[in-house]
Amino acid sequence: MIAQSRVNEYHKTTKMKIIFLFIAVALSLTTMAQITKVSLQASGLTCSMCSNAINKALNTLDFVEKVKPDIKTYTFEISFKPNSNVDFEKIKKKVEDAGFSVSGFIATINFENVTLQDNTPIKIGVNSLIFMHTKAQSLKGEVKVRLLDKGFISSKEYKTYGISSLLTERGIYHVTI
Amino acid sequence: MLPYNTLLFKFSLIITQMKFQLLISLLLLASSGWSQELFSVTEPASNRAVGSIGFRIDNSIMNELNRSKIDYHLIPEIALGVSKTFMVSGNVFFSNRDDVFKYEGGSIYLKKRFLSHDAIQRHFRMAAFGTLSYNNSDVHQEEISMYGHNSGLEIGVVATQLLHKVALSSAISFVKATDNGNNNKFVYGLKNSKAVNYTFSVGKLMLPTQYKNYKQTNVNLMLEFLSQLNTESGKYFADVAPSLQMIFNSQSRIDVGYRKQLSSTLLRTAPNGIFIRLEYSLFNAF
């Protein structure tokens, strides 16, 4: 009888260890970095009603806290709800569905000491970032990253940066600091 | 149907007539300022925002040429932004041209944007469009119009260029009139029931001089040229439609304009008159 209870205890502890490990891994992936805001520039428009259509569309995203539009420069400062699932692809789609294009996309990310290694993607929620033209370094604190993929940059700049040969996959973004 | 070279010749005559007026207007409009491409009489190549609904009421007060009577046309419309590249709208026609103000039919309009190139304060877009129209009133003019006069079909292509300071839009379409409803035949004969429409529009933002917020009222000036060439008879018309447009709260809009016939060999009942168009847009509605 004593042996049985010891066996049960042993199983319980192992179970708890597994659970703890799982939580630790999960937490480590989410606390590594947080996307706090995005500065987006839209193209293909001049009128304020067009800008308002983009503004209203961005505000329908559930992870968006606030949108601050600048009609003169066609930029939108988007701030996100803390611990929300920010999705870059969904932001771009809102601009395109409003009838326009993204010509500039800069994300402000708060890193908690992440080691940047050549070509190893850093996963932040549903977004994987591959750092281009950046030395291996340790990222800590607030860092601004610029997206270089098609649809997040003007077509002129896209040709200049020359990453058209690289594969673009949903959720994977080529960025630069 | 007339041989192609004759058609092209007649077409070029219309274009030349329009070119002069165009040049003057371009010189006037291509000065400082942004531009708008939400034209009053024609549709640009741009699409509506996905999930948006536009409610429009179009009023036309036209003077009949052959008798002192004013024809009033009321056309309410609902437009939906279905996808990034596709929109659909439906119109209902009411008028008192037949001496009694009554319902006269309706139409469905579809537009598919197939090309879009965006840059800062610039874009070039192209779209294909089509209109299917039903009208139950009598056919009283040689001009063929899917907008409140004839039953039939219109298919065309429109191209719009937004160029920092000027917005230009041009459309070419083929229109075919069928017999109208209520036993009202297209009295000019099957051969004369086909035509080509050509339009050219220019728009410019006058106010505000500096964008500060969405609450500012936008005032735009438009100049549109509309023409039709009957492919069988070679008869045509060329109209000009200047208009003033005001956008409130970046959401609702009013267009006030005047349509004037410049030249015509086609029989037309009431080509000149005032139009007042009101529109309200709901965003992210569905």
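Here is the figure for region A:135-153: residues that are assigned to a loop (DSSP other than H, G, I, E, B) and either open to solvent by less than 30 Å² (accessible area, probe 1.4 Å) or not assigned by TED's automatic domain parsing to the domain that holds A:S84 (or both) total 5. Give the residue that is modelled with the lowest pLDDT, with candidates limited to residues of region B:119-159 that are open to solvent by less than 20 Å² (accessible area, probe 1.4 Å) and within 14 Å of chain A (Cβ to nearest Cβ). Ranking the candidates gives B:H123 first. Could you pull out the residue among B:A195, B:A171, B:A238, B:A167 that is of a type in the set (G, A, S), in a strand (DSSP E or B) and at pLDDT below 95? Among B:A195, B:A171, B:A238, B:A167, only B:A167 is of a type in the set (G, A, S), in a strand (DSSP E or B) and at pLDDT below 95. For B:V202, the conditions (1) within 18 Å of B:S40 (Cα to Cα); (2) open to solvent by 10 Å² or more (accessible area, probe 1.4 Å) all hold with the exception of (2).
Results for (1) modelled with pLDDT under 95; (2) of a type in the set (D, E); (3) closer than 18 Å to B:S201 by Cα; (4) open to solvent by less than 40 Å² (accessible area, probe 1.4 Å), shown as yes or no for each residue.
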site: B:L28; (1), (2), (3), (4): yes, no, yes, no
site: B:R48; (1), (2), (3), (4): yes, no, no, yes
site: B:N63; (1), (2), (3), (4): no, no, no, no
site: B:D71; (1), (2), (3), (4): no, yes, no, yes
site: B:P76; (1), (2), (3), (4): no, no, no, no
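A residue that is within 14 Å of another protein chain (Cβ to nearest Cβ) and either free of Cβ contacts under 8 Å to residues at least 12 places away in the same chain or farther than 24 Å from B:S151 by Cα (or both) cannot be found anywhere in region B:188-198.
Scanning region A:69-88 for residues that are over 21 Å from B:F283 (Cα atoms) and either within 14 Å of chain B (Cβ to nearest Cβ) or of a type in the set (D, E, K, R) (or both), we see that the one that is least open to solvent (accessible area, probe 1.4 Å) is A:D87.
Cβ-Cβ contacts under 7 Å between residues 6 or more apart (or on different chains), taken from a first residue in region A:36-55 that is farther than 15 Å from A:F105 by Cα and assigned by TED's automatic domain parsing to the domain that holds A:T73 to a second residue that is in a helix (DSSP H, G or I) and open to solvent by less than 10 Å² (accessible area, probe 1.4 Å), are listed as A:L45/A:S51.
Can B:V100 be described as of a type in the set (A, V, I, L, M) and out of contact with any strand residue (DSSP E or B) (no Cβ under 6 Å at 6 or more places or on another chain)? For B:V100, the condition - of a type in the set (A, V, I, L, M) and out of contact with any strand residue (DSSP E or B) (no Cβ under 6 Å at 6 or more places or on another chain) - is met.
The values are calculated or read from the model by the stated rules, or taken from the named source; none is laboratory data. Quick caveat: nothing in here was measured; it's all calculated off a predicted structure. All Cβ positions, even for glycine, are placed from backbone atoms using ideal geometry, and neighbour counts span all protein chains on display. Accessible surface is based on the protein model in full, side chains and every heavy atom, while ligands, DNA and RNA are left aside. Shrake-Rupley method; radii C 1.70, N 1.55, O 1.52, S 1.80 Å.
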